[in-house]
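Below is one structure; the comments refer to it alone.
Where a number appears in this text, it was derived from the coordinates with a stated rule and is not lab data. Every value quoted in this text rests on a predicted model; they were computed, and no experiment measured them. Glycine also receives a Cβ, built like all others from the backbone with ideal geometry; neighbour counts cover every protein chain displayed.
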Amino acid sequence: DNLTAKSASGSITLENFGTAAVTAESASGRILCKNAQPATLSATSGSGSVTLETVVVDSAVKAETTSGAILFQDGRAESLSFSSGSGSVTLENVVTSGDVKGATTSGDIRLDACDGANLTLKSKSGSVRGTLLSGKIFQATSSSGSIHVPDPEPSAGICKITTVSGSIDIKIVQ
């Protein structure tokens, strides 16, 4: 069974469920998805935040905001994609078996004990900071920020990080 929740100006809260596909869309309200095990998850908010807590997804997770923050805590998925216009993105204890792809325009990206097979992270005017669970082959570029990444891990996945005016600081959890 699929679950779709849409709101023009109110918040959406989805808790304690497992279903095939979940789609949550809000024009100006907050989206909270907690303690869930859907096959796929898509959460899109125009001017509200997207919060995913203790979510285990069989396939893909997609989180998007125009002007709100994205927070994903204690999650597992096959893949993760995210985008935020003017909000920050925080991933805490999030692991994917596949790729993590994400971008912000003016928000920071923060990773805390996260990992994926390959990571592609972009921020125009925000920094990218945090910790990964395993080594990678790092490809980091910043037009005007500092760059601190670990030495490359041969035969590991690729972690490509690009910023225009933000710093890059990544460490591996010991």
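Read phi for every residue in the stretch 95-112 and hand back ³J(HN,Hα) as whole Hz from Karplus 6.51 cos²θ - 1.76 cosθ + 1.60, θ = phi - 60°, with x for Gly and Pro.
10, 10, 7, x, 8, 10, 10, x, 8, 10, 8, 10, x, 6, 10, 10, 10, 10
What is the ratio of the Cα radius of gyration of the stretch 71-174 to 2.2 N^0.38 Å, where N is its residue count, to two decimals?
So the Cα radius of gyration is 0.95 times the expected 2.2 N^0.38 Å.
Between Thr141 and Val173, what is the spin-label point distance in nm, taking each point 7 Å from the Cα along the Cα→C-beta axis?
Output for this residue pair reads 3.1 nm.
Taking the highest mean first, how do the peptides 110-123, 135-148 order by number of other beta carbon atoms within 10 angstrom per residue?
Put in order of decreasing packing, that is 110-123, 135-148.
Evaluate the relative contact order of the stretch 26-168 (contact order divided by residue number), counting alpha-carbon pairs under 8 angstrom at least 6 apart; express in whole percent.
That works out to 15 percent.
Report, by chain and number, residues whose modeled amide H sits under 5 Å from the one on Lys101, excluding near sequence neighbours (fewer than 5 apart, same chain).
Long-range HN contacts for Lys101: Leu80, Ser81, Phe82, Thr120.
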